[in-house]
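Below is one structure, written out as structure tokens; the observations come after it.
Each reported figure results from applying straightforward, stated rules to the coordinates on display, with no laboratory input. Just so you know, these numbers come straight off a predicted model, no measurement behind them. Cβ: placed from backbone, ideal geometry, glycine included. Neighbour counts: every protein chain shown.
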Amino acid sequence: MSAVPTQTATLGGGCFWCTETVFLDVEGVVAVESGYCNGHVERPSYEQVCSGTTGHAEVVRVQFDPQRIGFRELLEIFFVTHDPTTLNRQGNDAGTQYRSGIYTHDDGQVRIAHEVIAELAASGAVRGKIVTEVLPEANYSPAEAYHQNYFARNPEQGYCAFVVAPKLEKFRKTFASRRRA
């Protein structure tokens, strides 16, 4: 019996520390890497991305086992754990690098992303217009090593305690059945 290959989802939901922390706790997720995509500078630094001049979004690349969790379920978690109605902002984090985005890897992901956004908009579960962009992933590069698994290594750091931890708790309460065992 051969192993099922993993699939990749690339998601931008504001600060990648928050998004990474949530998806590391999801059953069926094999790996999560913080990075940058869809900008015009090759292999930008964190400082360059934070300047807002590279066009990149802070993202996470989520490797997942499609037999354990689907792309649609990942997007449902994504939309509950960030605000898809604020353009270039998540909480106090402001700038184009914090935009909401789904950066697709194939036509199936494009279709599912648009379906989920339409369903969410029609449900009335969010107030305001959903501004999440759906674009093919381009010019991806991993973030520096010190950004990887940041929350687990720095849970007492101020941003982690007051911003990341509540997002993780929201995921755990809302999606208890999707938590990693």
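Here are the numbers:
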{"read-out": "Charge-dipole axis of region 9-118 as Lys and Arg at +1 and Asp and Glu at -1 on Cβ define it, positive-most pick from Ala9, Ser51, Asn92", "value": "Ser51"}
{"read-out": "Size of charge dipole - region 72-181 - debye, nearest 20, with Cβ of Lys, Arg +1 and Asp, Glu -1, no other charges", "value": "460 debye"}
{"read-out": "Stokes-Einstein diffusion coefficient of region 7-178, Kirkwood radius over Cα pairs, 4 °C, 1.567 mPa s, in µm²/s", "value": "81 µm²/s"}
{"read-out": "Relative packing of peptides 77-83, 49-55, 22-28 - highest average C-beta neighbours within 10 Å first", "value": "77-83, 22-28, 49-55"}
{"read-out": "Built amide H within the under 5 Å cut-off of Glu133, gap 5+", "value": "Ser100, Gly101, Ile102"}
{"read-out": "Relative contact order of region 56-107, defined on C-alpha pairs under 8 angstrom at six or more residues apart (%)", "value": "38 percent"}
